[in-house]
Amino acid sequence: MTKTVILKIRRRESPQAKPRWEEFELTWKPGMNVISAMMEIAANPVTRDGQPTTAIVYDSNCLEEVCGSCAILINGRARMACSALVDQLEQPIRLEPLSKFPVIRDLQVDRTVLFENLKRTKAWVPVDGTYDLGPGPRVYPQEQEEAYPISRCISCCCCMEACPQFNQKTGFVGAATIAQVRLFNQHPTGKALKHERLQALMGDGGIQECGFAQNCVEVCPKDIPLTRAISDTGREVIKQALRDFFRG
Ligand code: SF4
Ligand code: SF4
Ligand code: FES
């Protein structure tokens, strides 16, 4: 008998449409991952009971856990579809869009909030002009070792999806943004905006919303030391708040 893989996909035609489930059955292949199953379904959209349907919509690009675009809920857990091996998942495999981001269609969501949060915290190295600025400051190996793990963030938003504090009520910026603040505040040129970044993390939606439940670090596909980045940044925010207070 041919071995098969069964997938249940939560679909929605538009942000306003009511969600519905569709079931698909594919022939199993060695090394099959969720994204390859999704590609097969999109190329041949016929449900398990033989009904033709529309091609499923989702985001993906690199197919090697680098671009961060294919994050979805797989059996209820936020993870990357391109690194989720079918053989390691319980069947039927349930695929749903991330639940804390507006659905565009099917498994595709709008993750603008992360990029707005990165803008809010100035998560970049300020470079004045496009002319040749000469060599940048030296970054010592110890500093590189500290920065490298955080620089691996792929903006997938899994940490925000899993965070109990990331919701509309708190307006919490989430772990990824805080980690990027940590990264750029340590950078010799990035430090120029340290004060502004720390100020952006004070008050509503800032770092104090974090309940330290550590769900973020559990789901991060790049093993970024998020809880350490959050506690280090939290200390910096408190020191900055005290400095601001005494300066009046
Ligand atoms: S430690 Fe908990 S509350 Fe803080 S960002 Fe991570 S998941 Fe959210
Ligand atoms: S910190 Fe990890 S989980 Fe969060 S966006 Fe970056 S890579 Fe994804
Ligand atoms: S397709 Fe790029 S991370 Fe999965």
Q: Please name all residue pairs, on different chains or six or more residues apart, with Cβ atoms under 8 Å, provided the first residue is in segment 143-154 and is aliphatic (A, V, I, L, M) and the second residue is at pLDDT 95 or above and within 8 Å of ligand 2 (Cβ to nearest atom).
A: I150/A179; I150/I224; I154/G68; I154/P221; I154/K222
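Taking segment 177-213, which residues are closer than 19 Å to R152 by Cβ and either within 15 Å of the chain's Cα centre (by Cα) or in a helix (DSSP H, G or I) (or both)?
The initial filter retains those residues of segment 177-213 that are closer than 19 Å to R152 by Cβ, namely 177-187, 190.
Residues satisfying the conditions are T177, I178, A179, Q180, V181, R182, L183, F184, N185, Q186, G190.
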Q | Every pair of residues 6+ apart whose Cβ atoms lie under 8 Å, when the first sits in segment 221-248 and is under 23 Å from C163 (Cβ atoms) while the second is among the acidic types (D, E) | A | P221/E65; K222/E65
Q.
Given the condition touching a Leu at 6+ places or on another chain (Cβ under 9 Å), within 16 Å of ligand 3 (Cβ to nearest atom), of a type outside the set (G, A, S) and under 30 Å from D223 (Cα atoms), answer yes or no: does some residue in segment 13-32 qualify?
A. yes
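Among what's in segment 75-86 and is more than 14 Å from ligand 2 (Cβ to nearest atom) and at negative phi, pick the residue that is surrounded by the most Cβ atoms within 10 Å (Cβ to Cβ). Walk me through how you get there before you give the answer.
At the first step, the residues of segment 75-86 found to be more than 14 Å from ligand 2 (Cβ to nearest atom) are 75-76, 84-86.
When the remaining residues are screened for being at negative phi, the result is 84-86.
Working: A84: 22, L85: 10, V86: 19.
Filtering first and then ranking leaves A84.
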Q: Say whether the condition of being without any contact (Cβ under 8 Å) to a residue 24 or more places away in the chain and under 17 Å from E161 (Cα atoms) is met by at least one residue in segment 196-205.
A: no
Q) Which ones in segment 45-56 are in a loop (DSSP other than H, G, I, E, B) and either of a type in the set (A, V, I, L, M) or under 15 Å from the mean Cα position of the chain (by Cα) (or both)? A) A55, I56
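Which residue is surrounded by the most Cβ atoms within 10 Å (Cβ to Cβ), if the candidates are limited to segment 1-14 and must be modelled with pLDDT of 95 or more and not in a strand (DSSP E or B)?
As a first pass, look at segment 1-14 and keep what is modelled with pLDDT of 95 or more: 3-14.
Those still in the list that are not in a strand (DSSP E or B) too: 3, 12-14.
Working: K3: 7, R12: 19, E13: 13, S14: 9.
By that ranking, first place goes to R12.
Return yes when G68 is buried (at least 18 other Cβ atoms within 10 Å of the Cβ) and either among the aromatic types (F, W, Y) or touching a residue at least 12 places away in the same chain (Cβ under 8 Å) (or both) and no when it is not.
Working: buried (at least 18 other Cβ atoms within 10 Å of the Cβ): yes; either among the aromatic types (F, W, Y) or touching a residue at least 12 places away in the same chain (Cβ under 8 Å) (or both): yes.
Yes; evaluated as a whole, the condition is true for this residue.
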(Q) Take the residues in segment 87-143 that are aliphatic (A, V, I, L, M) and surrounded by fewer than 12 Cβ atoms within 10 Å (Cβ to Cβ); name whichever of them is nearest to the chain's Cα centre (by Cα). (A) V127
**Q.** Matching residues in segment 156-176 - criterion: being assigned to a loop (DSSP other than H, G, I, E, B) and either more than 16 Å from ligand 3 (Cβ to nearest atom) or closer than 20 Å to P126 by Cα (or both)
**A.** C163, P164, Q165, F166, N167, Q168, K169, T170, G171, F172, V173, G174
**Q.** Residue list for segment 25-56, restricted to those being closer than 17 Å to R11 by Cα, surrounded by 17 or more Cβ atoms within 10 Å (Cβ to Cβ) and in contact (Cβ under 8 Å) with a residue 40 or more places away in the chain
**A.** V34, I35, A37, M38, I56
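The values are calculated or read from the model by the stated rules, or taken from the named source; none is laboratory data. What you see is a predicted model, and the numbers here were worked out from it, not measured in a lab. All Cβ positions, even for glycine, are placed from backbone atoms using ideal geometry, and neighbour counts span all protein chains on display.
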